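Q: Please find one structure pasted underneath; my questions will follow.
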Amino acid sequence: MTLLLVILIPLLGAMLPPLMMRWGRGASAGSAILVTLAALGAWGSMVPAALRGEGATFKLPWIPALGLNLSLTLDGLALLFSGLILGIGLLVVLYAKDYLYKSDPMGRFFAYLLLFMGAMLGVVLSANLLLTVVFWELTSITSFLLIGFWGHRADARRGARMALTITGLGGLCFLGGALLLGHLAGTFEIAELTSLRDSTLSHGWYVPALVLILLGAFTKSAQFPFQFWLPQAMAAPTPVSSYLHSATMVKAGVFLIARLHPALGGSEVWFYLVGGVGLATLLVGAFLANLAYDLKGLLAYSTVSHLGLIVALLGIGTQYAVVAAIFHILNHALFKASLFMSAGIVDHQAGTRDLRSLGGLWRLLPFTAPLALIAAAAMAGLPPLNGFLSKELFLEQTLELPFAAGPWWLVPALATLGALLSMGYAVRFGVNTFLGPQPKTFPKPPIEPPWGMRIPVALLVAGCVAIGLLPDLLGAPIVELAAAASSYLEVEGVHFALWHGFTPALLMSGIAIVGGVGLWYLQRWFVPVFDQSIPLPSGERLFRATIAGLVDLSRSAKRAFHPGKLQTAIAWMILSVVLLVGSALLVKLPRWTPSPADIDPSLLGGVALLLLAIGAALYFHRRRAVSLAILGAVGLLLSMGFVYLSAPDLALTQLSVEVSTIVLMLLALHLLPAQSVKERVGLHHLRDGVLALGAAVVVGTLTWLLLIDPPTSATSAYYLAQSKPGGGGTNVVNVILVDFRGFDTFGEVIVLGIAALGVYAMLFGMGLPTRWTRPETPDESAYPLMLGVVARVLLPLALVVGIYLFLRGHNEPGGGFVAGLVFSAAIILQYLASGIGWTQHKMNIPFHPLIALGIFVAGLTGVIAIAFGQPFLRSWFEYYHVPILGEIELASAMAFDLGVTLTVVGGLLMVLVNLSKLPRSTSVRPLTLAEEED
Amino acid sequence: MIELLSEVLVSALILVGAFFTLVGSLGLTRLRDFFARLHGPTKATTLGVGSLLLASLVFIALEGDGLRLHKVLIAIFLFLTAPVSAHLLAKAAICLKVGTGPAGEVPETFDATQSLEIPRDPVSTPPAT
């Protein structure tokens, strides 16, 4: 249970920082710190048991039919990663508090950060492959929000889109691979997958599943050839870069490889694929870092390179290689986070990130500079820091490969080359920024930043030094546990030491260090050469070209189906409906045996009237006001039909919806000219006629089939029988709506709310000037006094009628929806009678909260059922005897109905009021009723 | 005897209601100009609907189900709203200068000094929402 809390606390606590913003930025940051500390506390309570090897587990079946369970585990690997996420997360929150500029919305930033933290914790704590996929996607989305945080900057938006596209595509591949793996192994639980390793490796689907899962991991960790999105993501604020793009999110891919290594590793394919990609990334990343001018770009490529190192080690897969990989995960997180933070300090204080405009900052930032230099030394792999230890281990492991990979010296030579390049860019970072000559001016005069930005850097660098000096004490225990969880072989007796004697690895390290310094000297000659003359194949350019090509393709496809004219789009829609439904009907059409029908003559009369009205509508279709009136008549005829067929609820609803819709259309017509333009050519008439006829035939046949053959008679008998005992009401229609099919109604009410919000967003986004009368006494000629007085008198009467309909809905015709429509009609009357300005001034109904409240209340009734151990939305009713009123019935369905009413009122009013705020069309001519049709 | 009386009473009321509804509809179509046509529906809504409601009331009362008076609410609502809608229609017609006859002469009830302009609402900045 505590495991679940560790994930839930940041996810739910993400709501706090935006809410606390009303008490200031300090309160908001404080709440973020508190949430992180709470999660840390929950995590810490489970650490002692985990260190002993008895990590906590948690399992809750979620969708057992799909194999998805909420399974969590805290084994060594999860312990290491969750510790990194929470610990570095706390430091990043502290850092961000002082880093964010005054104009940045702090509450939103911390909300996104905490959401990401929770999602990332979900990835590492999950013990079910499908659950990992869910949290994986969540991290992609939250990282998109974080990268694009400075939304006003074009490069931030581009970087966020690129990151989301690539990691999203990778996530899709991961899902595919996970499904393949789950099906070939029969389970999605990772512990069971591990024990099934032998059968997995010999299965025919092993290679496709492996490739797909690795695609997901490689895209997330920016491995070659997907490394180009990470430098683009550097447009994010530095706290984001240091948290996501060095310590946690990009490590998710590496985590996945480590997590699935016991289940999928050890084969030749694994070795060549994972090892090869890792080694290639190591070299490519280190090379590009040497060419970078942007501080954060350099660090981004360096991160790519180090992740390649870890991936290569996991590809090698022997016991000590896995140990080295885990150790480097820990070390890299420590020094890279601190390096990003110090780069952020330089950027924040000096105003620039460009290496060409920086130098000699050790005089101006005397606290930050030594820390950054130590961290850079750790990155380069200099003793006695932690980076040196893991790099040594790496070089050592390349000497003993489990499978053949060319001559014995090839891989170690490439590894040394990689280490050499690393030294080169580390020196570039440290020396060109902090040492050397100072430029004439900086964009901002650099001074030391607030303590909140310096302490996290200091703590992380202290960690690097501590682990470097005492690796056996501080690093070995956790690394051993984590490596044991990542390997299918036994991992025991892990010892680290600074001095192993004169080993080949030491020689390689020496070559790398000396060569790297030499490389730095040569940089001033070869970097400009690459910059200006040698065009490197750019994955980024290829990506952008692909996306542009896809967008062009979609545009031309869209133009074929939707060239901006409503008629074409509707024609395509109707054609598809006719073809699809028609073909299905042709298959299912039963034999028609004509039987003597007993048709009621009044029904025939009603149908004749309906046809007449529709014919009139067709004839007058270009005179918009007239056709609207005729459509209103059609609606009334339909209501009468409902009354005839003994469906009073439907008739009530049809009437009130008719009124509201007519008002809505009138408002919309206000913006259009009085007559529509004659624009159709003869051929188009033919096409439209054929389409309309086809649609009429299809829909008519469908209705007829429904009416002559009721296959649902068993269902309707059930509803009628169970309505009173099961649902507590005698009005079957209402009981079906709020009880039997309550979940459907819940969904529909949510859709109504979304539709209203969509209309609001569209009107808001159109940017039309709103006509607004000053809130004074309404002008007599525009707003007649009689209407105003009567509207005022009618309001309480109508509200009482609405409440009456609402209360009796369960047993007699009425219900929440009709009540809502009656309320809306009464309130709209006020707006009509006295104008928007005056009415809004006197009666300011908040529409958005009303919609939200309605959905919330409806959902709450469902959730309360769960609290009582019943399924969602199970209703309850009880009879009580009240002294004067007699026996009354209380039903939870009434609360649900209340939610429906509130949403209907809010939604309808929002649409109507916002439509009526728009000005009249400037070219309007008064509608003259006496005009003849031409 | 009572049954025959009740049947006659209810039928008479229904016929009266139907007759006035017919008269009202005829007036709506056949009278000569807009303002005269406005009088037509008033007959239908008052006497027409009123008689039908009364017929329904009497029928149910004589059936022995007691006097259920909430149908009268329908009539009350109608009496409240019908005059107001007629008033609004008339005002709109005057503002839109709806002609009264083939010669387009101005109706007698209209005061020549009254402004006919559709009031133009001043377009001002909307208050902060």
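The values are calculated or read from the model by the stated rules, or taken from the named source; none is laboratory data. Small disclaimer: the values here were computed from a predicted structure and weren't measured. So basically every Cβ, Gly included, is an ideal-geometry build from the backbone, and we count neighbours across all protein chains shown.
Q: Mind listing whichever residues of segment A:813-872 are more than 34 Å from the chain's Cα centre (by Cα), among the aromatic types (Phe, Trp, Tyr) and under 21 Å from A:Val900 (Cα atoms)?
A: If we filter segment A:813-872 for residues that are more than 34 Å from the chain's Cα centre (by Cα), which is where we start, we get A:813-815, A:818-819, A:821-843.
Restricting the remaining residues to those that are among the aromatic types (Phe, Trp, Tyr) gives A:823, A:831, A:838.
Passing the criteria: only A:Phe823.
Q: Hey, could you check segment A:165-174 for residues that are of a type outside the set (Phe, Trp, Tyr) and crowded, with 20+ Cβ neighbours inside 10 Å and say which is farthest from A:Ala252 (Cα to Cα)? Outline the logic, then answer.
A: Going residue by residue through segment A:165-174, those that are of a type outside the set (Phe, Trp, Tyr) are A:165-173.
Then drop every residue that is not crowded, with 20+ Cβ neighbours inside 10 Å, which leaves A:166-167, A:170-171.
Numbers: A:Ile166: 14, A:Thr167: 11, A:Gly170: 12, A:Gly171: 11 Å.
It comes out as A:Ile166.
Q: Do we have any residue at all in segment A:481-491 that's within 19 Å of A:Ala337 (Cβ to Cβ) and crowded, with 20+ Cβ neighbours inside 10 Å? Don't jump to the end; show me each part of the working.
A: As a first pass, look at segment A:481-491 and keep what is within 19 Å of A:Ala337 (Cβ to Cβ): A:482.
Still in the running and crowded, with 20+ Cβ neighbours inside 10 Å: A:482.
Yes, segment A:481-491 contains a residue that is within 19 Å of A:Ala337 (Cβ to Cβ) and crowded, with 20+ Cβ neighbours inside 10 Å.
Q: Working carefully through the options A:Leu90, A:Leu113, A:Leu79, A:Leu70, find the one that is outside any helix (DSSP H, G or I), of a type in the set (A, V, I, L, M) and touching a residue at least 24 places away in the same chain (Cβ under 8 Å).
A: Working: A:Leu90 fails: outside any helix (DSSP H, G or I); A:Leu113 fails: outside any helix (DSSP H, G or I); A:Leu79 fails: outside any helix (DSSP H, G or I).
Selected residue: A:Leu70, the only one of A:Leu90, A:Leu113, A:Leu79, A:Leu70 that is outside any helix (DSSP H, G or I), of a type in the set (A, V, I, L, M) and touching a residue at least 24 places away in the same chain (Cβ under 8 Å).
Q: Here's something else I'd like to know. Kindly indicate which of A:Ile855, A:Ile845 is assigned to a loop (DSSP other than H, G, I, E, B), at pLDDT 80 or above and touching a helix residue (DSSP H, G or I) at 6+ places or on another chain (Cβ under 7 Å).
A: Numbers: A:Ile855 fails: assigned to a loop (DSSP other than H, G, I, E, B).
Being assigned to a loop (DSSP other than H, G, I, E, B), at pLDDT 80 or above and touching a helix residue (DSSP H, G or I) at 6+ places or on another chain (Cβ under 7 Å) holds for just one of A:Ile855, A:Ile845, which is A:Ile845.
Q: Only one of these conditions is not met by A:Val465: (1) β-branched (Val, Ile, Thr); (2) under 25 Å from A:Gly516 (Cα atoms); (3) buried (at least 21 other Cβ atoms within 10 Å of the Cβ). Which number is it?
A: The single condition A:Val465 does not satisfy is (3).
Q: Out of segment A:22-58, which residues are over 30 Å from A:Asp98 (Cα atoms) and without any contact (Cβ under 8 Å) to a residue 40 or more places away in the chain?
A: Passing the criteria: A:Val47, A:Pro48, A:Ala49, A:Arg52, A:Glu54, A:Gly55.
Q: Does A:Ala78 satisfy being over 30 Å from A:Pro105 (Cα atoms), among the hydrophobic types (A, V, I, L, M, F, W, C), crowded, with 23+ Cβ neighbours inside 10 Å and modelled with pLDDT of 85 or more? Even if it seems obvious, please write down each step before you answer.
A: On the way: over 30 Å from A:Pro105 (Cα atoms): yes; among the hydrophobic types (A, V, I, L, M, F, W, C): yes; crowded, with 23+ Cβ neighbours inside 10 Å: yes; modelled with pLDDT of 85 or more: yes.
For A:Ala78, the condition - over 30 Å from A:Pro105 (Cα atoms), among the hydrophobic types (A, V, I, L, M, F, W, C), crowded, with 23+ Cβ neighbours inside 10 Å and modelled with pLDDT of 85 or more - is met.
Q: Go through B:Gly66, B:Gly40 for me and flag whichever is more than 14 Å from every other protein chain (Cβ to nearest Cβ) and at pLDDT 85 or above.
A: On the way: B:Gly66 fails: at pLDDT 85 or above.
Testing whether each residue is more than 14 Å from every other protein chain (Cβ to nearest Cβ) and at pLDDT 85 or above leaves just B:Gly40.
Q: Output the residue which, of all residues in segment A:133-160 that are free of Cβ contacts under 8 Å to residues at least 12 places away in the same chain and outside any loop (DSSP other than H, G, I, E, B), is surrounded by the fewest Cβ atoms within 10 Å (Cβ to Cβ).
A: Kept after step one, since they are free of Cβ contacts under 8 Å to residues at least 12 places away in the same chain, are these residues of segment A:133-160: A:151-152, A:154, A:157.
Adding the requirement that they be outside any loop (DSSP other than H, G, I, E, B) leaves A:154, A:157.
Values: A:Ala154: 9, A:Arg157: 15.
So the residue we want is A:Ala154.
Q: Next question. Just for helices (runs of 4 or more DSSP H) wholly inside segment A:332-448: which have at least 1 residues that are charged (D, E, K, R) and under 26 Å from A:Val92 (Cβ atoms)?
A: Values: elements: A:368-380, A:386-397, A:410-434.
Of the helices (runs of 4 or more DSSP H) lying wholly inside segment A:332-448, those with at least 1 residues that are charged (D, E, K, R) and under 26 Å from A:Val92 (Cβ atoms) span A:386-397, A:410-434.
Q: With the checklist (1) more than 25 Å from A:Val634 (Cα to Cα); (2) without any contact (Cβ under 8 Å) to a residue 60 or more places away in the chain in hand, flag the one item A:His685 doesn't pass.
A: Evaluating A:His685 over (1) more than 25 Å from A:Val634 (Cα to Cα); (2) without any contact (Cβ under 8 Å) to a residue 60 or more places away in the chain leaves (1) as the failure.
Q: If you don't mind, there's one more thing I want to ask. Looking at A:Val277, A:Val304, which is the one that is surrounded by fewer than 24 Cβ atoms within 10 Å (Cβ to Cβ), part of a helix (DSSP H, G or I), within 32 Å of the chain's Cα centre (by Cα) and not small (Gly, Ala, Ser)?
A: Values: A:Val304 fails: surrounded by fewer than 24 Cβ atoms within 10 Å (Cβ to Cβ).
Exactly one residue qualifies, and that residue is A:Val277.
Q: In addition: Starting from segment A:244-266, keep only residues that are surrounded by fewer than 24 Cβ atoms within 10 Å (Cβ to Cβ), then list their pairs with residues that are basic (Lys, Arg) whose Cβ atoms are within a distance under 6 Å, requiring at least 6 positions of separation or different chains.
A: That search, which allows pairs on different chains as well, returns A:Ala263/A:Arg197.
Q: Select from segment A:630-655 the residues that are hydroxyl-bearing (Ser, Thr, Tyr) and on the phi < 0 side of the Ramachandran plot and write down the one among them that is surrounded by the fewest Cβ atoms within 10 Å (Cβ to Cβ).
A: If we filter segment A:630-655 for residues that are hydroxyl-bearing (Ser, Thr, Tyr), which is where we start, we get A:639, A:644, A:646, A:653.
Among the residues that remain, those that are also on the phi < 0 side of the Ramachandran plot are: A:639, A:644, A:653.
Details: A:Ser639: 19, A:Tyr644: 13, A:Thr653: 19.
Of everything passing the filter in segment A:630-655, A:Tyr644 is surrounded by the fewest Cβ atoms within 10 Å (Cβ to Cβ).
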